[in-house]
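The structure appears right after this line, and notes come after that.
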Amino acid sequence: MSGIKKIGLLTSGGDASGMNATIRAVTRYAKYKSLDVIGYYEGFKGLINNNSTVMDLNSVGGIIDRGGTFLYSARSEEFKTEDGMQKSIQNMKKDGVDALIIIGGDGSFRGAHDLHERGVKVVGIPATIDNDINGTDYSLGFDTALNVIISLISKIRDTASSHDRLFVIEVMGRNSGLIAINSGLACAADYILIPEVKVDLVRIANKIRNHREGKRHTLIVVAEGAAKASDVAASIKLLVGHEVKISVLGHIQRGGYPSALDRLLAAGFGKKAVDLLLDGKSDCMTAIQGNVIKSCTLEYAINNRKEVSKELYDLAHILSQ
Ligand code: ATP
């Protein structure tokens, strides 16, 4: 027996499509297991300020297909302090909350781990469009973001090939090239720049100069953490002498209704998170590995970096010859 009767739920860090579907899954499954659920607004900030709402079957109706998070998200520096953490723990006690489910990225999981070390039962659900959390093949929001990016780059490709243009397209990914490499491969980008690989503009310029005859567009995808699109474009123009257009996709990559994969993940992760708590587990997160919903320790998730596969990186460039 876990002794858990009431769980708290929050979304933290960058928003990711599928967060709402996950809030729905956690709430409905917890209700099915006869648990009470409280949602804290604005992540850890709401936990510190005791800004919460009682969740029931109706409060999560009609949200499965909405992007963003209706519990809102925020970054909280105060939560990182001992004082902020103690305020959060006191508020949970006041609310009678026995355990917390945290939907967010690696930063949020560091906070979750800190709460666990102070005696709070916590389970994380990985949600970040960067998909950089170790231990899970997918995090919520990644697949939706990829689909949004693919649809946008396809539109750029239409105009690029009509006018024989060279485009540099900047996508998200401050520290990780996973979005860039996967979207670039899926869109047949000619070159993909990621933070993990040193930018070699001369090599790109040579490839552009040696493009096979008949090719009418060049697409370069750059992760924001690798270089700025405007800098890459200026350097290539200088090296190749060809006009270069840029497109910075920006926050549009975060929006939109969740993909089928993210909705299915939301259902599986929501159920698994509640089951983990009822099994007496803490300090862990839900994960999907080889199409099976599993769990993984928070320690493993936050202390190991998820690498971009060299094979995938090489394949993307081989196929774009
Ligand atoms: P994303 O990957 O989408 O940015 P994230 O969860 O990594 O999501 P962060 O801004 O890094 O987003 O973290 C969210 C919140 O988690 C922070 O505002 C802070 O309150 C808490 N947090 C982050 N790092 C730590 C830490 N080392 N210790 C305690 N709490 C932390």
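Please specify each residue of region 93-113 satisfying the condition of being open to solvent by 10 Å² or more (accessible area, probe 1.4 Å) and more than 13 Å from the ligand (Cβ to nearest atom).
Those that are open to solvent by 10 Å² or more (accessible area, probe 1.4 Å) and more than 13 Å from the ligand (Cβ to nearest atom): Lys93, Lys94, Asp95, Gly96, Val97, Asp98.
Would you mind stating whether Ile63 is away from the ligand (no atom under 14 Å from the Cβ), surrounded by 15 or more Cβ atoms within 10 Å (Cβ to Cβ) and either part of a loop (DSSP other than H, G, I, E, B) or small (Gly, Ala, Ser) (or both)?
Yes, satisfied.
Consider Ala186 against the criteria (1) open to solvent by 50 Å² or more (accessible area, probe 1.4 Å); (2) modelled with pLDDT under 95: it satisfies all of them except one. Which criterion is unmet?
(2)
So, in region 1-47, of the ones that are open to solvent by 10 Å² or more (accessible area, probe 1.4 Å) and within 16 Å of the ligand (Cβ to nearest atom), which residue ends up nearest to Asp279 (Cα to Cα)?
Phe44
Among the residues of region 129-160, which ones are of a type in the set (Val, Ile, Thr), surrounded by fewer than 23 Cβ atoms within 10 Å (Cβ to Cβ) and over 14 Å from Val171 (Cβ atoms)?
The one that is of a type in the set (Val, Ile, Thr), surrounded by fewer than 23 Cβ atoms within 10 Å (Cβ to Cβ) and over 14 Å from Val171 (Cβ atoms): Thr159.
Looking at region 123-146, is at least one residue over 30 Å from Gly3 (Cα atoms), outside any loop (DSSP other than H, G, I, E, B) and more than 16 Å from the ligand (Cβ to nearest atom)?
For region 123-146, residues over 30 Å from Gly3 (Cα atoms), outside any loop (DSSP other than H, G, I, E, B) and more than 16 Å from the ligand (Cβ to nearest atom): absent.
Where in region 196-298 are there helices (runs of 4 or more DSSP H), lying fully within it, with 2 or more residues that are at pLDDT below 95 and at negative phi?
201-209, 229-240
Could you tell me whether any residue of region 300-310 is open to solvent by less than 10 Å² (accessible area, probe 1.4 Å), part of a helix (DSSP H, G or I) and among the aromatic types (Phe, Trp, Tyr)?
No, region 300-310 contains no residue that is open to solvent by less than 10 Å² (accessible area, probe 1.4 Å), part of a helix (DSSP H, G or I) and among the aromatic types (Phe, Trp, Tyr).
Checking Phe79 against (1) open to solvent by 10 Å² or more (accessible area, probe 1.4 Å); (2) free of Cβ contacts under 8 Å to residues at least 40 places away in the same chain; (3) not in a loop (DSSP other than H, G, I, E, B), only one condition comes out false. Which one?
If we test Phe79 against (1) open to solvent by 10 Å² or more (accessible area, probe 1.4 Å); (2) free of Cβ contacts under 8 Å to residues at least 40 places away in the same chain; (3) not in a loop (DSSP other than H, G, I, E, B), just (1) comes out false.
Residue-by-condition table, conditions (1) open to solvent by 60 Å² or more (accessible area, probe 1.4 Å); (2) touching a strand residue (DSSP E or B) at 6+ places or on another chain (Cβ under 9 Å):
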| residue | (1), (2) |
| --- | --- |
| Lys228 | yes, yes |
| Val232 | no, yes |
| Lys237 | yes, yes |
| Asp262 | no, yes |
| Ala266 | no, yes |
| Lys271 | yes, yes |
| Cys284 | no, yes |
| Ile288 | no, yes |
| Val292 | yes, no |
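The values are calculated or read from the model by the stated rules, or taken from the named source; none is laboratory data. Model, not experiment: these values are computed from the prediction. Cβ: placed from backbone, ideal geometry, glycine included. Neighbour counts: every protein chain shown. With ligands, DNA and RNA removed, areas are computed over all heavy atoms of the protein, side chains included. Shrake-Rupley method; radii C 1.70, N 1.55, O 1.52, S 1.80 Å.
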